[in-house]
Amino acid sequence: MSSLLKKLDSEHFIPLRNRVVMSAMSRGFATPDHHATDDMRAYYARRAKGGAGLILTEGTLIHKSGDGWNNAPYIASDAHAESWKPVVDAVHEAGGAIACQLWHCGRISHSDYTGDAPVSSTNQAAAGINRQNGKPYGEPRALDASEMPTIYGYYADAAKRAIGAGFDAIELHIGHGYLADQFLDSRVNDRTDEYGGSVENRCRFALELVAEILKHVPANRILARISPSRFMGGIYEWPDLDEMLDYFIPQLWKLGLRAIDVSCANSDYFETSGKIIRKIRPNWPGVIMGGASLTQEQAEAEIDAGYLDLVTWGRLFMANPDLANKIAKGEPWTPYEDAMREVLA
Ligand SMILES: Cc1cc2nc3c(=O)[nH]c(=O)nc-3n(C[C@H](O)[C@H](O)[C@H](O)COP(=O)(O)O)c2cc1C
């Protein structure tokens, strides 16, 4: 049997029927007031019926201050959580599991979304254009240290709402240049207080956040998505990569986190995440999830070598709602095409 089809039975994470995971993909089909819809229910249910072991929701915003994406869903109120219940129930009815990805964009945003200035580790705007509204990224306001508990509170409230709505797990998005990564990354974090400067200080925001979530959600229902190495017009990684990994990863473990999702966004896995996972595996006896358009053979080899416990696919899940069933039947995979993003099918 393919190692992708073996159950996950780990003390560190919820039981899963197989190792095939759909990664988080923002699709922008929520209602204008950011509720999940019936079309979203059908879209996620289709992937569960197609055999996915675990589905990650698209980035789901914990608070308006974290918005930065057209028509993204929120989990910032009980009504938002309520709108997710039919999605969760449909995935469960199809025998799958679903985790809610909790998202705060920080400065990768604009006041068109946030109302007030976006918040970040820094006052410096991100370079470039926000493709969501076609405008330069907004000038952010650096969070004061006294505001951190409020931000952790938004995440904690969102996590409690997600668990209350029946989600099997939550994923903290602490990668891809979003809020927590704006603290981790020395190119962005220009603070001089206890949240900036040294490796320990730059890791403080993410570690305090994880510690807060662990007070409210059992460790085996929490994932954290990190992206120390990804492609952004070239390989883009934390400048002090080894120093960061040597401190951050063991600290996460010490706090009690047990499952991490190592992402490289849309990059070559072996040039980015694969390399990171080989560095951190000796310090991480828990669950490691990762991937990016791997072939079945590559994915199986990563599991068999003990690097990955769970393998994620994003775009191929857009193209193949029944990806897990195709693996089971040995059927060919439909290639992904950009046009597939336009519809929620
Ligand atoms: C349309 C689209 C939206 C995405 N949205 C998110 C997101 O909301 N959160 C996230 O962590 N990653 C997001 N990603 C990244 C994917 O989760 C995944 O890491 C990436 O697509 C690489 O995997 P793949 O090569 O298998 O598609 C998105 C990717 C795509 C293509």
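State whether one or more residues within the stretch 35-54 are touching a His at 6+ places or on another chain (Cβ under 9 Å) and under 15 Å from ARG161 (Cα atoms).
Within the stretch 35-54, one or more residues are touching a His at 6+ places or on another chain (Cβ under 9 Å) and under 15 Å from ARG161 (Cα atoms).
Please list, ordered by first then second residue, the pairs with beta carbon atoms under 6 Å, 6 or more apart or interchain, first in the stretch 293-315 and under 20 Å from ARG17 (Cβ atoms), second basic (Lys, Arg).
LEU310/ARG19; VAL311/ARG19
Does at least one position in the stretch 296-315 carry a residue that is surrounded by fewer than 22 Cβ atoms within 10 Å (Cβ to Cβ), touching a Phe, Trp or Tyr at 6+ places or on another chain (Cβ under 8 Å) and of a type in the set (A, V, I, L, M)?
no
Select, from THR60, THR37, the only residue that is among the β-branched types (Val, Ile, Thr) and surrounded by fewer than 22 Cβ atoms within 10 Å (Cβ to Cβ).
Details: THR60 fails: surrounded by fewer than 22 Cβ atoms within 10 Å (Cβ to Cβ).
Answer to the check: THR37.
Yes/no per residue for (1) farther than 30 Å from ALA328 by Cα; (2) over 15 Å from the mean Cα position of the chain (by Cα):
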site: ALA36; (1), (2): yes, yes
site: ARG41; (1), (2): no, yes
site: ARG47; (1), (2): no, yes
site: GLY50; (1), (2): no, yes
site: ILE55; (1), (2): no, no
site: PRO73; (1), (2): yes, no
site: ALA79; (1), (2): yes, yes
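Restricting attention to the stretch 249-292, report how many residues are surrounded by fewer than 21 Cβ atoms within 10 Å (Cβ to Cβ) and within 16 Å of the chain's Cα centre (by Cα).
3
Identify all residues within the stretch 1-26 that are farther than 14 Å from ILE55 by Cα and within 16 Å of the ligand (Cβ to nearest atom); write none if there are none.
Selection gives LEU4 alone.
Kindly list, by first and then second residue, each pair from a residue in the stretch 316-345 that is among the small types (Gly, Ala, Ser) to a residue that is in a helix (DSSP H, G or I), limited to pairs with Cβ atoms under 7 Å and residues at least 6 apart or on different chains.
ALA319/MET340; ALA328/LEU5
When you scan the stretch 194-236, how many residues do you find that are more than 26 Å from LEU8 (Cα to Cα) and at pLDDT 95 or above? Lay out the reasoning, then the answer.
Step one: list which residues in the stretch 194-236 are more than 26 Å from LEU8 (Cα to Cα), which gives 194-209, 212, 229-236.
Remaining after also requiring at pLDDT 95 or above: 194-209, 212, 229.
Total meeting the criteria: 18.
Condition first: among the hydrophobic types (A, V, I, L, M, F, W, C), touching a strand residue (DSSP E or B) at 6+ places or on another chain (Cβ under 7 Å) and closer than 22 Å to GLY196 by Cα. Can you find one or more residues in the stretch 141-148 that meet it?
So far as the stretch 141-148 goes, yes, one or more of its residues are among the hydrophobic types (A, V, I, L, M, F, W, C), touching a strand residue (DSSP E or B) at 6+ places or on another chain (Cβ under 7 Å) and closer than 22 Å to GLY196 by Cα.
Report the residue count in the stretch 70-96 for those that are in contact with a Pro (Cβ under 8 Å, 6 or more places away or on another chain) and either of a type in the set (A, V, I, L, M, F, W, C) or more than 28 Å from THR122 (Cα to Cα) (or both).
Qualifying residue count for the region: 3.
Among the residues of the stretch 148-181, what is the count of those that are assigned to a loop (DSSP other than H, G, I, E, B) and more than 15 Å from the ligand (Cβ to nearest atom)?
4
The values are calculated or read from the model by the stated rules, or taken from the named source; none is laboratory data. Note that this is a predicted model, so its numbers are computed, not measured. With ideal geometry, Cβ positions are generated from the backbone for all residues, glycine too; neighbour counts draw on all protein chains shown.
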